[in-house]
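Worksheet: the structure to be examined is printed underneath.
The values are calculated or read from the model by the stated rules, or taken from the named source; none is laboratory data. Being a predicted model, the structure only gives us computed values, none of them experimental. Because the Cβ atoms are built from the backbone with ideal geometry, glycine has one as well, and the counts that use them run over all protein chains shown. Please note that ligands, DNA and RNA were not included when accessible areas were found on the heavy atoms of the full protein model with its side chains. Shrake-Rupley method; radii C 1.70, N 1.55, O 1.52, S 1.80 Å.
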Amino acid sequence: WTQKELASGDVEGRINALFNRVNAIQKKSGQFDLLLCVGEFFGNSPEAEAEWEAYKSGAKKAPIHTYILGAASQETVKYFPNSDGCELAENITCLGRRGIFTGASGLQIAYVSGREAQHEPAPSHCFTSKDITALVAPLLSNSKFRGVDILLTSQWPRGVWQYGNSPETDTKFCGVSSIADLADKLKPRYHFAGLEAVHYERLPYRNHVVLQENAQHVSRFIALATVNNPTKKKYLYAFNIVPMKNMDPAELVKQPQDVTENPYRKPMKDGKKEKPSFELFFQEEPASQFFFDLGQNKPQHQQRHGRKRQTDGDRPNYPKQPRRPPQPTGPCWFCLASPEVEKHLVISIGTHCYMALAKGSLTPDHVLLLPIGHYQSVVDLASEVVEEMEKYKSAIKKFCKSRAQRCIMFERNYRSQHLQLQVVPVPMEKCSTEDIKEAFMTQAEEQQIELMEIPAHTDLKQIAPPGTPYFYVELDMGEKLFYRIKKNFPLQFGREVLASEALLNIPMRADWRECKCTKEEEEDQAKQMRSDFEPFDFALDD
């Protein structure tokens, strides 16, 4: 079932060079099934015409079944007898303006030739929105449609680089949105494009919304350079592919480590999708699918009967769709959907926020409250995220109170890319709220940090516009201490104060890197914390 395929960038008439390279590869790696060429296949020079003549007349023969796209410029239209697909020479077939080609093995290849038309009537080397609709509509009308195996376009999709690695080209003028829209709808496993004379292999991106939709296969976008380019940029790409229809579904949706957000997705309208039921997190899914199996036993709350799920009729009116959380520029250890997140540390998951055990925690119940989306600080949060963060804060305060602890929270919005609100419970018998406040103030003075008290009901947004670096502490009675960071700030300051002799008296644990545990120890600690926190976990009732 496995197909061995080759894809090539713009040939621009250097047909001999291309086939010589293919021959060399086939000598080394055995016969390939197909060669797919994107971008401009033909060239304008007399040499290019003479080269083509040899294949057209049958004097030379392509060493592999070769499929090419239609013209991408007015100058090369003359090589194509019509804009529908046809055989141009033995083993060389033009696919036509747009369509779906299904190989003998069941491999589905969708394609759109040429460039986006700027006006009507469209020149013959251009495609129009009608072409795109004619290609997409029949596929999407089939409820079983999951995507195509391969998409070939000459132009790039606009914005494909978002949330991914950057191409070596000026993205201001690169790509068109109609191709981006096409790629979003067709969900190709491989998407090849040309015309930009660069090689760009984007990190794979996912085709589902994490925690809202079932896992789907990932897409890989690969742009190829021009054949025989002087700077030796990659123009030929070899890959193996099993047609989607013959694949085991679990195998198909495996998510690679470096998968990113979908570059074409518009945010979901809030309230359109039910929040996923907690059951989802407990299904035995492969870990790679980003479902958090918080221990495989289903929690007790699922056996409670008599709770009816809200249906659309009686659901609250959700506010309008908030701003979409900004996306991380690189790997983020705290985005819940990120492969870097250490899922075994997760304790509770809400709709917009989650709670996790702190890595290298000060105490066994030291946790972090974090937004699921990528927000840098409390002041950047959308209103519904703030609301849920407050619910978590009040739940953890009740939890601490039930254990005779004071709940101390602090945030450092400095040299951090994802908001982490640190929550450290301190036993009441160890110290009073005043002692804690004094410890923070004294240590701040020693380090020339002007920590100031702000009114308990103050919204941080009033004093720290987004982008302002700050350090902030919330004491158990609601008092808030705040410092607007000017320059260098001690990164472990909050921990150092809490670990000091005046408070927890564990100075050797001030630096989290000195508190590393094995994964097994972390798992046990998280499991314990999960069961202790369960009676207070509002997320389980939703």
Residues being basic (Lys, Arg) and either outside any strand (DSSP E or B) or touching a helix residue (DSSP H, G or I) at 6+ places or on another chain (Cβ under 7 Å) (or both) - total across segment 85-123: 2
Test result for GLU445, surrounded by fewer than 19 Cβ atoms within 10 Å (Cβ to Cβ) and part of a helix (DSSP H, G or I): yes
Members of segment 161-199 found to be touching a residue at least 40 places away in the same chain (Cβ under 8 Å), assigned to a loop (DSSP other than H, G, I, E, B) and not hydrophobic (A, V, I, L, M, F, W, C), listed by number: GLN162, TYR163, GLY164, PRO167, LYS187, PRO188, ARG189, GLY194, GLU196, HIS199
Any hit, segment 476-483, residues being touching a residue at least 60 places away in the same chain (Cβ under 8 Å), closer than 26 Å to ILE349 by Cβ and loosely packed, with under 15 Cβ neighbours inside 10 Å: no
Tally, over segment 392-421, of residues that are in contact with a helix residue (DSSP H, G or I) (Cβ under 6 Å, 6 or more places away or on another chain) and open to solvent by 30 Å² or more (accessible area, probe 1.4 Å): 1
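Looking only at segment 485-528, count how many residues are farther than 22 Å from ILE436 by Cβ and in a helix (DSSP H, G or I).
If we filter segment 485-528 for residues that are farther than 22 Å from ILE436 by Cβ, which is where we start, we get 486-488, 513-514, 516-528.
When the remaining residues are screened for being in a helix (DSSP H, G or I), the result is 513-514, 519-528.
The qualifying residues number 12.
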Only listed residue being over 22 Å from ALA358 (Cβ atoms) and either modelled with pLDDT of 85 or more or outside the structural domain of GLY350 (by the TED database) (or both), chosen from GLU450, GLU534: GLU450
Count - residues of segment 1-28 that are open to solvent by 60 Å² or more (accessible area, probe 1.4 Å) and within 28 Å of VAL242 (Cβ to Cβ): 6
Selection count where residues are part of a loop (DSSP other than H, G, I, E, B) and open to solvent by 60 Å² or more (accessible area, probe 1.4 Å), scope segment 236-256: 2
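Is there a residue in segment 516-524 that is touching a Leu at 6+ places or on another chain (Cβ under 9 Å) and either over 30 Å from GLN447 (Cα atoms) or at pLDDT below 90 (or both)?
yes
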Residues within segment 112-123 that are open to solvent by 20 Å² or more (accessible area, probe 1.4 Å) and in contact (Cβ under 8 Å) with a residue 12 or more places away in the chain, tallied: 3
The lone exception for LYS172 - which of (1) open to solvent by 40 Å² or more (accessible area, probe 1.4 Å); (2) of a type in the set (D, E, K, R); (3) under 24 Å from PHE145 (Cα atoms) it fails: (3)
Scope segment 486-505; condition farther than 20 Å from LEU369 by Cα, touching a Lys or Arg at 6+ places or on another chain (Cβ under 8 Å) and modelled with pLDDT under 90; matching residues: PHE489
Single match in GLU534, GLU521 (criterion: in contact (Cβ under 8 Å) with a residue 40 or more places away in the chain and not hydroxyl-bearing (Ser, Thr, Tyr)): GLU534
Residue in segment 18-38 that is over 22 Å from ALA193 (Cα atoms), outside any helix (DSSP H, G or I) and modelled with pLDDT under 95 present: yes
Residue within segment 146-156 that is in the same structural domain as ALA59 (by the TED database), modelled with pLDDT of 90 or more and over 28 Å from ASP258 (Cβ atoms) present: no
Residue identified as at pLDDT 90 or above and of a type in the set (Val, Ile, Thr) among THR433, THR442, THR468: THR442
ALA539 on the phi < 0 side of the Ramachandran plot and open to solvent by 30 Å² or more (accessible area, probe 1.4 Å): no
Filter pass, GLN462 being open to solvent by 70 Å² or more (accessible area, probe 1.4 Å), of a type in the set (S, T, N, Q) and in the same structural domain as ARG495 (by the TED database): yes
Test result for ARG323, modelled with pLDDT under 90 and surrounded by fewer than 18 Cβ atoms within 10 Å (Cβ to Cβ): yes
Selected residue [in contact with a strand residue (DSSP E or B) (Cβ under 9 Å, 6 or more places away or on another chain) and open to solvent by 10 Å² or more (accessible area, probe 1.4 Å)] from ARG513, ARG495, ARG509: ARG495
Output for segment 214-235, where each listed residue is more than 20 Å from SER105 (Cα to Cα), open to solvent by less than 20 Å² (accessible area, probe 1.4 Å) and not hydroxyl-bearing (Ser, Thr, Tyr): ALA215, VAL218, PHE221, ILE222, ALA223, LEU224, ALA225, VAL227
